[in-house]
Amino acid sequence: MAEKKDDKGKEGEKENKEKTIMIVDDEKDIRETIKTLLESEGYEIITAEDGDDALKKLKKGKKIDLILLDIMMPGTPAKEVVKKVKDIKIIFVSVVKTSESEKKDLFKQDNVVGYIQKPFDTDDLIKKVKDAIGQ
Amino acid sequence: MNFKNKLEKNDILLVKIGSNNYSKAVLQATKELSEKKVCYITMNKTYSSLEETFSDKGLDMNHIFFIDAISGSIKEVKQNEKRVYFISSPSSLTELSLAISKFLEKGFDYVIFDSVNNLLTYHNMNTAERFLNRITNESKENGTKTIFFALKIKEQEELINKVSTFVDETINLEERQ
């Protein structure tokens, strides 16, 4: 039974290896934590330390399937980053507390597919990523 | 812990709290002080979310006015709300300082600063310290009593310790409760 689960897990990791996620967060600890977590799920990870860094890295043309975007960072605000990225799915990661109506507004752009409140539950984060771009 | 009583004896308080009790303490302080004119400076919650929380908890919002340094970074804001002034970004300290000065000149009884820690996301420690020291002095000059809230985070202890040198009293809330 355990062997089967391991095989399934490895298959999942192999499939995920084709998916690339960009983590944009100014806090190194958070970037590295999420990176380690999602790499263990088989995703390929690119990190960016702020909005400007993210936009610069996106220009390099590598196919990105999902961006986990910190909502409050120094430099170019997340709202400006989102305006420039319309063809990649985005999940906001936020330490800032917003109202329910503001959350709804954040989802107005079609490619915004999720919202994760910090501090986050790791299982919830993985689930939201999988829901967004598949296993 | 009664914040109102503490502010009868002190002009400027620094309240250090662990993350579990943080929101509860800030809410309690706001509730206690809201009988008089309060300027609430938010660096980590939007005005809209505070309005939502305070209404849910039955706070009388008539005397609470906000300086919101957050909403401008996550959405388009219009300066047409009577009880809130939006700063374009928490990194704009000049804009924030000017807004605080204007508010203080209007005569507020209390300022609640939520929170010291958030400044360190956008500014280095010296800048954050100078900024907080300036608010302290301005509050005193205007006769406004101020509470600085700070989340107990080990990596940010240095700033919190520096702030404690220019306030009248530092309260370590969890140790006292």
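The values are calculated or read from the model by the stated rules, or taken from the named source; none is laboratory data. Just so it is clear, the model here is predicted, and its values are computed rather than measured. Positions of Cβ are generated from backbone atoms using ideal geometry, with glycine treated the same way; all protein chains shown enter the neighbour counts.
Of everything in the stretch B:18-49 that is facing chain A (nearest Cβ under 10 Å) and closer than 22 Å to B:Ile135 by Cα, the residue that is surrounded by the fewest Cβ atoms within 10 Å (Cβ to Cβ) is B:Asn44.
Out of A:Lys83, A:Lys79, A:Lys35, A:Lys56, one residue alone is more than 25 Å from A:Lys130 (Cβ to Cβ), away from chain B (no Cβ under 14 Å) and not in a loop (DSSP other than H, G, I, E, B). It is A:Lys56. Pairs meeting the criteria (first residue in the stretch B:147-166 and touching a residue at least 24 places away in the same chain (Cβ under 8 Å), second residue surrounded by fewer than 16 Cβ atoms within 10 Å (Cβ to Cβ) and among the polar types (S, T, N, Q), beta carbons under 7 Å, at least 6 apart or on different chains) are B:Leu151/B:Ser19; B:Phe166/B:Asn133.
Residue-by-condition table, conditions (1) farther than 11 Å from B:Ile41 by Cβ; (2) at pLDDT 95 or above; (3) crowded, with 20+ Cβ neighbours inside 10 Å:
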{"site": "B:Glu81", "(1), (2), (3)": "yes, no, no"}
{"site": "B:Phe86", "(1), (2), (3)": "yes, yes, yes"}
{"site": "B:Ser92", "(1), (2), (3)": "yes, no, no"}
{"site": "B:Gly107", "(1), (2), (3)": "yes, no, no"}
{"site": "B:Thr121", "(1), (2), (3)": "yes, no, no"}
{"site": "B:Thr127", "(1), (2), (3)": "yes, yes, no"}
{"site": "B:Arg130", "(1), (2), (3)": "yes, yes, no"}
{"site": "B:Arg134", "(1), (2), (3)": "yes, yes, no"}
{"site": "B:Ile147", "(1), (2), (3)": "no, yes, yes"}
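Only residues that are of a type in the set (Val, Ile, Thr), within 14 Å of A:Ile23 (Cβ to Cβ) and touching a helix residue (DSSP H, G or I) at 6+ places or on another chain (Cβ under 6 Å) were counted in the stretch A:54-89, giving 2. In the stretch B:50-70, the qualifying residues are those that are within 11 Å of chain A (Cβ to nearest Cβ) and aliphatic (A, V, I, L, M), and the one that is farthest from B:Ile100 (Cα to Cα) is B:Leu50.
Within the stretch B:156-175, is even one residue surrounded by fewer than 15 Cβ atoms within 10 Å (Cβ to Cβ) and part of a strand (DSSP E or B)? Taking every residue of the stretch B:156-175 in turn, at least one turns out to be surrounded by fewer than 15 Cβ atoms within 10 Å (Cβ to Cβ) and part of a strand (DSSP E or B). Restricted to the stretch B:110-143, and to residues there that are in contact with a helix residue (DSSP H, G or I) (Cβ under 6 Å, 6 or more places away or on another chain) and of a type in the set (Phe, Trp, Tyr), the residue that is farthest from the other protein chains (Cβ to nearest Cβ) is B:Tyr110. Reported count of residues in the stretch A:86-114, each being more than 10 Å from chain B (Cβ to nearest Cβ) and assigned to a strand (DSSP E or B), is 7.
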